[in-house]
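The values are calculated or read from the model by the stated rules, or taken from the named source; none is laboratory data. Keep in mind that this is a model prediction, so the values were computed, not measured. Note: ideal-geometry Cβ built from the backbone for every residue, glycine included; neighbour counts use all protein chains shown.
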Ligand SMILES: Cc1ncc(COP(=O)(O)O)c(C=O)c1O
């Protein structure tokens, strides 16, 4: 719900289009065919705000969710119906005590077990509770980031006693190069995943992230795990985006001035006016996630007209050259568009030399969040 006073006080407002998020979910679920479609909620639903996004997806029928951290899982649990499953990707915290492991049970969260130490701790929790406990098992199929390597899996298979204590409810792995459909890693990881899965007959499998869903049915298994595409990021770079933009970001003009030829603007005096220019200062900066690498190269929009960033992005403000816009449309208090109809998350990412994921997840806590 849009908090009118909060929005009025804020320098910038992020508006989430929940219909777009829900339409994206439906689109991904259709593309995934027979596989169930989960939603990845880590980093506060990629910066959009878990409180808004999670219940909307639950209403759309989503029943499987992923967070990265235990703390995120605890927050998410309160937002979802009791029959929703929440997996915590990082599993049991590295220096985790039995007490922390038991918190998973308290909040009805399922850990993704990524290494033998996590398996051992979950087994201890099982003995403590005298209960067989559900877990996802993650395999490293080549990304070398998270999950059990083949020798870990071999060790697990050599001592089947763990199965009395742990109920493996999902087998998963993660693709390193799914956004490059022709990359040899995709088939290699799929084959390694198949080999490892064969040791656990009957246990559902999950490999695909957003881009993986578009690699075809051979990557869908039983459950797909999109994050980025739900939030409008293009899962197939270089091709038209099949998803809808899910956010708009608007920042307020704080001050407007006219500079003359030779005047400089911003830190480092990087921008030098070549003639009379009107400069508008807006209330968003790199502390809000508008990346400093956009200094002198990014743009905003006023009524659909591009206005270039003039000079260096500051912590709390950005200066724009609004000379092309009639004065009455760029007065203090008016808003400019940073994300929305005229500029997508992927556009900004390209300009900033990063990926849409980073643009979204950096959007800071000072930005007011609402939805329509
Ligand atoms: C294990 C795992 N699964 C799924 C996802 C979702 O990926 P994407 O946002 O590319 O859909 C992530 C995010 O990086 C992840 O780490």
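Of all residues in the range 242-251 being in a loop (DSSP other than H, G, I, E, B) and buried (at least 18 other Cβ atoms within 10 Å of the Cβ), which is farthest from the ligand (Cβ to nearest atom)? My answer is 245.
Annotation for the range 297-307: no member residue is within 16 Å of the ligand (Cβ to nearest atom), in a loop (DSSP other than H, G, I, E, B) and at pLDDT 95 or above.
Considered as a group, the residues in the range 66-77 that are out of contact with any helix residue (DSSP H, G or I) (no Cβ under 7 Å at 6 or more places or on another chain) and more than 13 Å from the ligand (Cβ to nearest atom) include one that is nearest to residue 205 (Cα to Cα), and that residue is 73. Selection of the range 167-196 for residues being surrounded by fewer than 20 Cβ atoms within 10 Å (Cβ to Cβ) and under 30 Å from residue 127 (Cα atoms) yields 167, 168, 169. If you filter the range 30-44 down to residues that are away from the ligand (no atom under 11 Å from the Cβ) and either under 8 Å from the mean Cα position of the chain (by Cα) or without any contact (Cβ under 8 Å) to a residue 40 or more places away in the chain (or both), you find that the one that is farthest from residue 84 (Cα to Cα) is 30.
Would you check if residue 94 is away from the ligand (no atom under 15 Å from the Cβ) and at pLDDT below 95? It is true that residue 94 is away from the ligand (no atom under 15 Å from the Cβ) and at pLDDT below 95.
Residue-by-condition table, conditions (1) within 16 Å of the ligand (Cβ to nearest atom); (2) surrounded by 14 or more Cβ atoms within 10 Å (Cβ to Cβ); (3) at pLDDT 95 or above:
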residue	(1), (2), (3)
226	yes, yes, yes
235	yes, yes, yes
254	no, yes, yes
276	no, no, yes
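Residues in the range 55-65 that are within 15 Å of the ligand (Cβ to nearest atom) and in contact with a helix residue (DSSP H, G or I) (Cβ under 7 Å, 6 or more places away or on another chain): 57, 62, 65. The condition of being more than 13 Å from residue 165 (Cα to Cα), in contact with a helix residue (DSSP H, G or I) (Cβ under 7 Å, 6 or more places away or on another chain), more than 16 Å from the ligand (Cβ to nearest atom) and not in a loop (DSSP other than H, G, I, E, B) holds for only one of 152, 108, that being 152. Hey, does the range 344-364 have a residue that's surrounded by 18 or more Cβ atoms within 10 Å (Cβ to Cβ) and within 20 Å of residue 256 (Cα to Cα)? No; the residues of the range 344-364 include none that is surrounded by 18 or more Cβ atoms within 10 Å (Cβ to Cβ) and within 20 Å of residue 256 (Cα to Cα).
Filtering the range 60-98 down to residues that are part of a helix (DSSP H, G or I) and touching a residue at least 12 places away in the same chain (Cβ under 8 Å), which residue is surrounded by the fewest Cβ atoms within 10 Å (Cβ to Cβ)? The extreme case among them is 98. For the range 175-195, the criterion of being part of a strand (DSSP E or B) and within 16 Å of the ligand (Cβ to nearest atom) is met by none of the residues.
Quick one: count up the residues across the range 351-369 that are within 12 Å of the ligand (Cβ to nearest atom) and assigned to a helix (DSSP H, G or I). Break it down stepwise before answering.
Going residue by residue through the range 351-369, those that are within 12 Å of the ligand (Cβ to nearest atom) are 355-358, 360-361.
Going one step further and asking which of them are assigned to a helix (DSSP H, G or I), we end up with 356-358, 360-361.
Number of matching residues: 5.
Selection within the range 207-224: residues that are away from the ligand (no atom under 11 Å from the Cβ) and part of a loop (DSSP other than H, G, I, E, B). The member of this set that is nearest to residue 185 (Cα to Cα) is 215.
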